[in-house]
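No value in this document is a laboratory result; all are computed from the given coordinates. Note that the coordinates shown come from a computational prediction; the quantities given were computed from them, not determined experimentally. All Cβ positions, glycine included, derive from the backbone under ideal geometry; neighbour counts span all protein chains shown.
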Amino acid sequence: MLRNFFRYLDAEINKIPTNQEINALEKRKAYFSAFFYSYVILSFGMAFFAQPLLKYADPVLLMLDGFIISFGLVCIYRAGVTSVVNSEINKKAMFFCFFVCIIFAIIVTTILFKDGIQNSIEHDKYCANLQHLIQRNIDPEKNSTIFNNLYCRLQYNNTLLKISP
């Protein structure tokens, strides 16, 4: 089995594509680049607006989400671009893999946002308690140091979230 794999790799490395294959590959690659850059812009927008929640997100889930999205992009690239030159690539399997990856990425991203919002609320409650201790002059130096080291922000009574100390 390993020998067959190395033969396949050797045949792929030594293969010389025809001009028709090169033209088709360049055309599909340009189309995929447009798709990919729109995806990158969407990712930048999501990262910008989710930035306050990123510090509360689970880093392992965030890494897993990145791997899932990256694998989905590899699958769609293989199905859309590389399959022109390599006929052994199963397009249906690659598209199916892409859709499964996108569905799982949406699920993991939803979990990340839910956990991030919940962790942010808990952090704000803890910071509100510290703020009230500082305002009541109960060990203000220690509590203000903790307040600053936890990157707490001032908690106000007129927030959308009902945070009670």
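Over all distinct Cα pairs, what is the inverse of the mean 1/r for region 2-112, reported as the Kirkwood hydrodynamic radius in Å?
After inverting the pairwise mean of 1/r, the radius is 16.2 Å.
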- Overall Cα dimensions of region 1-65, principal axis frame, Å, largest first: 50, 34, 11
- Query: With each label point set 7 Å from Cα along the Cα-Cβ vector, what nm distance links D10 and L53?
  - Reply: 5.3 nm
- Task: Name the lysines eligible as straight-distance cross-link partners of K92: C-alpha to C-alpha under 21 Å, and not fewer than 8 places from it in the same chain.
- Result: K27, K29
- Segment K142-V60, extension gain: residue separation times 0.36 nm, minus the distance between their alpha carbons: 26.3 nm
- Note on the structure: Sites removed, the longest contiguous part of the chain containing no DSSP-loop trypsin sites (Lys or Arg not before Pro) with at most 15 other Cβ within 10 Å is 56-135
- Task: Starting from the Cα of K142, draw a straight line to each of the lysines and keep only those under 30 Å, dropping any in the same chain fewer than 8 residues away.
- Result: K55, K125, K162
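Which of D65, D10 comes first, and how do the rest follow, when ranked by fewest Cβ neighbours within 10 Å? Walk me through the numbers on the way to the answer.
Working: D65 20, D10 10.
With the fewest neighbours first, D65, D10 line up as D10, D65.
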- If you rank S33, S87, S120 by fewest surrounding Cβ atoms within 10 Å, what's the result? S87, S33, S120
- Enter the Cα centre distance for the pair region 115-130 and region 80-112, rounded to the nearest angstrom. 37 Å
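Placing unit charges on C-beta atoms (Lys and Arg positive, Asp and Glu negative, everything else neutral), compute the dipole magnitude of region 2-112 about its Cα centre in debye, rounded to 20. Don't skip to the answer; put the middle values down first.
Numbers: 10 positive and 7 negative charges, 43 e Å.
Computed charge dipole of region 2-112: roughly 200 debye.
Calculate for the chain the 222 nm mean residue ellipticity that helices alone would give, adding -39,500 (n - 2.57) per DSSP H run of length 4 or more and normalising by residue count, nearest 500 deg cm²/dmol.
It lands at -26000 deg cm²/dmol.
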- Estimated vicinal HN-Hα couplings, Hz - region 151-156 in sequence order (Karplus 6.51, -1.76, 1.60; Gly, Pro = x): 6, 6, 10, 5, 9, 10
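Give a quick list of GluC sites (Glu not before Pro) in region 64-165 that DSSP marks as loop, anything other than H, G, I, E or B, with at most 12 other Cβ atoms within 10 Å. Write down the numbers at each step before the final one.
Numbers: sites: E88, E122, E141; in loops: E88.
Passing both the DSSP loop test and the Cβ count: E88.
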- Task: Using the Karplus curve 6.51 cos²θ - 1.76 cosθ + 1.60 with θ = phi - 60°, work out ³J(HN,Hα) for each residue of region 44-60 in order, rounded to whole Hz, and write x for Gly and Pro.
- Result: 4, x, 5, 5, 5, 7, 9, 4, x, 8, 4, 6, 9, 7, 6, x, 5
- For the chain, cysteines whose Cβ has no other cysteine Cβ within reach (under 4.7 Å): C101
